[in-house]
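All remarks here apply to the structure that follows.
The values are calculated or read from the model by the stated rules, or taken from the named source; none is laboratory data. Being a predicted model, the structure only gives us computed values, none of them experimental. Counting neighbours? That spans all protein chains shown, and the Cβs are built from the backbone with ideal geometry, glycine included.
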Amino acid sequence: MRRLRDPREPVERLVDAASGLGSRLGPILLQLLPSLERDDAAMDETLDAFPRGVRVAVEPRHASWFTDEVRDLLRRHSAALCLADRRGPVTPEWRTTDWAYLRLHEGAARPRPCYAEDAIGTWVARLASAWPPPADRFVYFNNDPGGCAVRDAAVAATLFTAAALEPTRMPRAADIRVG
């Protein structure tokens, strides 16, 4: 991993730019390259550069990151392991914070890359079980040209509501068209 001389400077610029979102700012995602192998010291230094109170989620995409030591490092920094539904290494379902961060990259329903309702329902059940109220759960669907992400988010909102979990920042299902 190429180390920055001082990771605080780019992190400060990032946090400063993002702070313009005010109360609408959610977690900041650090998505690591698939080729980036585990480097505990660099991750520790990077997470340490974030100010207290800023939620950070980390999405490692190389299998070398999925160790007990990395899980403990994320916990020490109150950083969430990004649960990721994608091709590649299976993300362990670690609870490293009192909030959850999930990225749904590509479903197998039609049209592609939409998710089937039962697949979304499985994730809703997992999150409801591991992060019950009052925990925050952040769920993101990959953007796609056909609008599956928006449709799938509306389906997720309906399923979260049925599970007695309150979704926020959701489009109305009636306003969504896919394709």
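For residue 89, the conditions (1) touching a helix residue (DSSP H, G or I) at 6+ places or on another chain (Cβ under 8 Å); (2) more than 30 Å from residue 44 (Cα to Cα); (3) free of Cβ contacts under 8 Å to residues at least 60 places away in the same chain are fulfilled apart from (2). Just the residues that are in a loop (DSSP other than H, G, I, E, B) and touching a residue at least 24 places away in the same chain (Cβ under 8 Å), please, taken from the stretch 113-124. Within the stretch 113-124, 113, 114, 115 meet the criteria. Against the numbered list (1) buried (at least 17 other Cβ atoms within 10 Å of the Cβ); (2) at pLDDT 90 or above; (3) within 15 Å of residue 99 (Cβ to Cβ), residue 153 comes up short only at (3). Among the residues of the stretch 94-116, those identified as within 15 Å of residue 126 (Cβ to Cβ) and in contact with a Cys (Cβ under 8 Å, 6 or more places away or on another chain) are 101, 102, 103, 115.
The residues on offer are 112, 76, and the sole one that is modelled with pLDDT under 95 and more than 13 Å from the chain's Cα centre (by Cα) is 112.
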